[in-house]
Structures are given as structure tokens and as C-alpha cells.
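Here the structure is laid out as C-alpha cells; the discussion comes afterwards.
The values are calculated or read from the model by the stated rules, or taken from the named source; none is laboratory data. Just so it is clear, the structure is predicted and the values come from calculations on it, not from any experiment. Every residue, glycine among them, receives a Cβ derived from its backbone with ideal geometry; neighbour counts consider all protein chains shown. The area values use the complete protein model at the heavy-atom level, side chains included, leaving out ligands, DNA and RNA. Shrake-Rupley method; radii C 1.70, N 1.55, O 1.52, S 1.80 Å.
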Amino acid sequence: MTASTVDIALFAAKLGMVFLAILTLAAYLVFAERRVLAWIQDRKGPNRVGPLGLLQPLADLVKLLTKEDFIPAAADKWLFCLAPAMAAIPAILIFSVIPFGKPLTIAGHQVPLLIADLNVGLLFFLALSSIAVYGVAIGGWASNSKYSLLGGIRGLAQLISYELSMGLSLVPVVMLARSFSLTAIVDAQARIPFILYQPLAFIIFLISITAECKRIPFDIPEAEGELVAGFHTEYSGMRFGLFFVGEYINIIVLGGLATTFFLGGWHGPVLAPVIWFGIKTLVFAFFFIWMRGTLPRLRYDQLMHLGWKLLTPLALLNILATGWWLVAAS
Amino acid sequence: MSVFDDIKGIATGFGVTLRHMLRRPVTIQYPEQKRVPYPRFRARIVLTRDPDGDERCVACYLCSAACPVDCISMQAAQRADGRRYAAWFRINFSRCIFCGLCAEACPTLAIQMTPDYEICKRNIMDLVYEKEDLLIDGCGKDSSYNFYKHSGIGVTQPRGAGLEEKPPVDVRSLMP
Ligand code: SF4
Ligand code: SF4
């Protein structure tokens, strides 16, 4: 066997494992969310399927697969079928640039624990996160339903409100790490995580990624109280499931990104790096669930107000302050 | 400042939800865990008998009239001694809302509510209870009450033998 075949085999194994891990984690995040929300509301949550209800995701999967796959008569069939994939795939793709552990050495081969070490990893993330909203917008448009359309439009309006502050809140990180590569950003936090230098940028990023994964208090495109289910009103069966799982993959990926940018990635004492990465990511996931159980939904003008008039100027000021501080320090 | 008030408000909310997360759930896991209802819980309806073992119901239709969803029906009949009874008596539990108005209306304490709340059926027709299904052998909540001892003059006992009755007076003997 030549060296390159071993490399390819290792890469394929890594790819498969990451894919499997993310999908399983996303499925169990749905379960965890239902349990935690139940606890918040003094209930028990799903605990019937298997021990402690741990097989619930499987039951959900069977249910979704056996539901009728309904396409409205007046819908644009191609786009309608395409939209769920467009929502879920970018979310999975983003994970390819996140380093989730220290590089391993297996049989003399250096295996970096990330899929692709892009030198513009951060830009890759920003680009893909903008593409993900096409799934929402197209899904809303193609369904040929008022509620879906409103949801899709709200999704777009939401995107332009938070995307800017999200990008700007990452500029100080790039300034500190002097690189767009996520590996370099993690390496730059070997001693001190960036959250200590950049608490403001962290908070802005946290608020922005909540809007990015369309969760309460920013679940405006879904807004089940106003829009039935927003952009995925007309979806059923596994197509709906794809939107749904995409949302949870998004939570994991964005939690991983927040870990990478601000909490020092896989760096941590005692425990294995991969475990540290997992813990930090799940803390974010828990926080998202906790937030869902706590906060009410914002109106979309309030979201725009928050994004344009508060977060964006603050992020800009933060960049200026960081630049000034870096110059003064050097 | 209002921003700090806002942040404080949000933080308080997170505190409240965290506290509830750690609290014991109030859920009762029904088929395994059953709550014991209070004795006066209003569920499955029964027809009781008086202390002498006779049916209490006199088929007066008052319960049927009081029922807001019209789920009680019956046919009155009369025994040779003049005592009334229901030839048939039917409660449709698929319509009953367990309001208890029938039990309140009943002058003979015949119709009573019991705390047995587990009367779900697969087949809705099984929820139509006939008199045989409703009639129990006991007195229910009041073990001493017997309508005919207080009322129903001359039906089950000679005149004047009732509890609040005085013996009849021969009016011709009432001289000024
Ligand atoms: S409990 Fe209410 S609804 Fe049920 S039979 Fe009696 S009066 Fe009718
Ligand atoms: S159950 Fe009571 S109220 Fe109903 S018919 Fe019989 S005596 Fe009358």
C-alpha cells in the first residue's frame, strides 16, 4: 500500500466518523432539547422509548420516514424538493473547517483532526452561512403559501440584520490571530482564549449565531404563533425532517465555531482535546436550549433595530478599540 | 439605566428557568402511577339501593332533566304496591361531562358519583351503561337514607308510619 492510499483511507474514515457523529449528535440534541424544555416546565419529557427515552430519536426517525411526503399542488416542485437540502447541507459543510482535536499520528501519518484546513476557513464559514438562508427563502417561495412566503422573506430580512454584526464581531479575532485559518486561530489561543480579550465580540457573536440558527428569541422566520410554521409550513415527512435536523446541525456547528473562535477550541487541561471540544460545544447547545425555554420571541423590527442600531455599531467600535490596542501593545 | 434593567430582567428570567430545571417534575406517570382521588371526586355514576335493599330510583326524571348534555334516559314503571321504578335506565358516558348535576337533582340519593375515573373503552358503544351496569348493591354515600321513610305517603308503609309523620287524625273526632 502506498502512502497516499493510507492517507485516503484515513481521510475517508475521518469523514465518515465526523458525518456520523454530527448526525447522531443532532438527533440526540432534539431529544435533549425536549427533555430540558420539559424540565424547565416542570415536566419529565419523552421517557418512554427505551431506557430513559434514549431511543426516542429512532422512533422520531421512523415516524418521519413513514409520513406522507406531501407536495402542494401549486408548489414549484423542483425548488420545493431542493430547499431542505439547501438548508441542511451548508450547515454540515461548515463543520469541515472546524478543528476538533489535536493532530493525531497514526502509523507514521500525521492526521489533522479537521476535514479541510482552508487558509480562509473563516470566510468559508461566512459564505456558507449566507447560502444556508437560501434554503429558507426558496422553501418559503416554492411552497406557494402565504405563511411560507412571509417566513422566507423574514428569513432574508433577518439575514441582512445579523450577518453584518456576525462578520464584524469576528474581525477582532482575525486581528488577534493574524490569520483566517481556523487552525491558526485555535493555535493562537493555546494560552489564553480570546473570550478574555474580546468579551464584547463574543457576546455579539453569540447573539448573531442565535439569529443564524433561527432559534428563540430570533425564530422569526418560523414564528409558530404567527406563521403556523413559517417557511416549512407546507413540508412534511423527511423533507421537514431535513429542515429540522439542519437546524440542530446548525446549533452544533455554530457552537463549535464559537468554541473555536472564542473559547480556545480543543485546548484544555487534563482531558483529551476532542473531549474538551465536545464539552465546550455542548455547553453552547445547552445554552441555546436554555435560552429557548426562557426568552420570548422578538418582533422582526426589534431584531433589525438590535442588529443595525446596536450590534453593528458596537462591533465596529470594538474593531477600532482592538486595532488601537494592538498598535499600542506592539 | 434602561439597558441595565433589561439585562437584569433577562438574567432573572434565566435564573427562574434554571431553578425550575432543577425542581422535581410534577408529572404523574399515569398507567404506572395512579393518583388516589378524593372520596367526592366526580367520575363513574352508579345507582344505589336503600338500606332495605330496594332500588332507590323512583324514575322521577329529575336527573335526566338536570343533565346539561342530555345523556340520561329512562322509562318509568310502577310496582303493584305503588312504588315507582325505572323499567330501563341508561347513561351515555361518552357524552357525560361528570358535572354532578344529576346527583344534585336526585331527591332519593339514588344516582351518585364515584371516584372511579378509569372508564375508557375501545368501542364507544361500550360507554352506554344500562341499568344492570349502573345498579350497585350498596347505599353509596348515605347508608341510612330511605326516601320512602320520609315521603311517598302510603306507598310502602301504612299512613303515619313514616319518620316525620304523625298518625292520621280522624277529622270527625276533631270537635271544637
Ligand atoms: S354528571 Fe352531569 S353530564 Fe353526567 S349524567 Fe350527570 S348531569 Fe349528565
Ligand atoms: S336517579 Fe334520582 S333523579 Fe334520576 S330518576 Fe331516579 S330518582 Fe329521579
Q. Open to solvent by less than 50 Å² (accessible area, probe 1.4 Å) and either within 14 Å of chain A (Cβ to nearest Cβ) or modelled with pLDDT of 90 or more (or both) - does that describe any residue in segment B:1-8?
A. no
(Q) Between A:324, A:308, A:266, which is away from chain B (no Cβ under 14 Å), among the aromatic types (Phe, Trp, Tyr), open to solvent by less than 40 Å² (accessible area, probe 1.4 Å) and farther than 29 Å from residue B:22 by Cα? (A) A:266
Q.
Tally up the residues in segment A:61-72 that are at pLDDT 85 or above and out of contact with any Ser or Thr (no Cβ under 7 Å at 6 or more places or on another chain), please.
A. 6
Q: Could you identify the single residue in B:51, B:31 that is under 35 Å from the mean Cα position of the chain (by Cα), within 11 Å of another protein chain (Cβ to nearest Cβ), in a loop (DSSP other than H, G, I, E, B) and under 30 Å from residue B:100 (Cα atoms)?
A: B:31
Q: Filter segment A:248-275 down to residues that are farther than 12 Å from residue A:206 by Cβ and either among the polar types (S, T, N, Q) or in a helix (DSSP H, G or I) (or both), then give me how many there are.
A: 11
**Q.** Condition check for residue B:58: within 16 Å of ligand 2 (Cβ to nearest atom) and of a type in the set (Val, Ile, Thr)
**A.** yes
Q. Just for segment B:53-70: of the residues that are surrounded by 14 or more Cβ atoms within 10 Å (Cβ to Cβ) and within 6 Å of ligand 1 (Cβ to nearest atom), which one is nearest to residue B:105 (Cα to Cα)?
A. B:66
